[in-house]
1. Report the relative contact order of segment 1-122, percent, no decimals, based on alpha-carbon pairs under 8 angstrom and at least 6 residues apart.
2. Quick one: what do you get for segment 1-150 if you divide its Cα Rg by 2.2 N^0.38 Å?
3. May I have the convex hull volume per residue, in Å³, for the Cα set of segment 1-61?
4. What are the membrane-span-like helices in the chain by this rule: whole DSSP H runs, Cα extent along the axis at least 15 Å, mean Kyte-Doolittle hydropathy at least -1.0?
5. How far apart, in nanometres, would the label points at Lys5 and Phe96 be if each is projected 7 angstrom from Cα along the Cα-to-Cβ direction?
6. Explain nothing, just the number: dipole magnitude of segment 51-111 about its Cα centre with +1 on each Lys and Arg Cβ and -1 on each Asp and Glu Cβ, in debye rounded to the nearest 20.
7. Leaving out same-chain residues fewer than 8 places away, which lysines sit with a Cα under 22 Å from that of Lys41?
8. What number do you get for segment 61-164 when its Cα radius of gyration is normalised by 2.2 N^0.38 Å, N = residues?
Amino acid sequence: MDIAKNWSEYEILDMANGEKLERWGNIFLVRPDPQIIWKTKEHPNLWDKAYAIYRRSKTGGGAWEYKKRLPPVWHVHYKDLTFNIKPMGFKHTGLFPEQAVNWDWIREKIKAEKREIKVLNLFAYTGGATVAALSAGASVCHVDSSKGMTTWAKENVEVSRISR
């Protein structure tokens, strides 16, 4: 398994008690992660910097608890790609940063070809792979069942300044 280690604007700062403390640009968020089973925080003082914490409900779902005012949308950059980030009602932020290794692979493969490349991105969410493929010169058909996600993907293409 490859690790997405080329981020400068995203990192997991600490983890404990089923939660992770993340930095998205200069915004700190706490989100649940059931795979985090250890109890001790390595950097307990950092957790106080969280702008928002996603609290799971006992009946399913959950909600964000805001500690500091957040912009409605902010940007994070991965290499020359730009993505809109915002807390959503189901703990997500609109991007899976661990997928950056796949974006690098996609870009490498597309750039290595000496022909037109067409990509069909199914269940494409907010378009991380779409943005990566477009930035490498591919023609991309982005498909998601949610109109909101396809709109968000278009916004990510626009903020990355990729001409289609």
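1. Numbers: 185 pairs, mean separation 24.0, N = 122.
Computed over segment 1-122, the figure is 20 percent.
2. Values: Rg = 17.0 Å, N = 150, 2.2 N^0.38 = 14.8 Å.
Output field value: 1.15.
3. Numbers: hull volume 6.9 nm³, N = 61.
Once divided by residue count, the hull of segment 1-61 is 114 Å³.
4. On the way: long enough: 100-112 (18 Å, -0.60); 147-159 (18 Å, -0.68).
Result, helices passing both filters: 100-112, 147-159.
5. The answer from the label model is 2.2 nm.
6. Details: 12 positive and 5 negative charges, 64 e Å.
With only Lys, Arg, Asp and Glu charged at Cβ, the dipole is about 300 debye.
7. Reachable lysines: Lys5, Lys20, Lys49, Lys67, Lys68, Lys91.
8. Computed over Cα atoms of segment 61-164, the ratio equals 1.13.
The values are calculated or read from the model by the stated rules, or taken from the named source; none is laboratory data. Computed from a prediction, not measured in an experiment: that's the story for all the values here. Reconstructed Cβ throughout: ideal geometry from the backbone, glycine too, with neighbour counts over all protein chains shown. Accessible surface areas use protein heavy atoms only, side chains included; no ligands, DNA or RNA. Shrake-Rupley method; radii C 1.70, N 1.55, O 1.52, S 1.80 Å.
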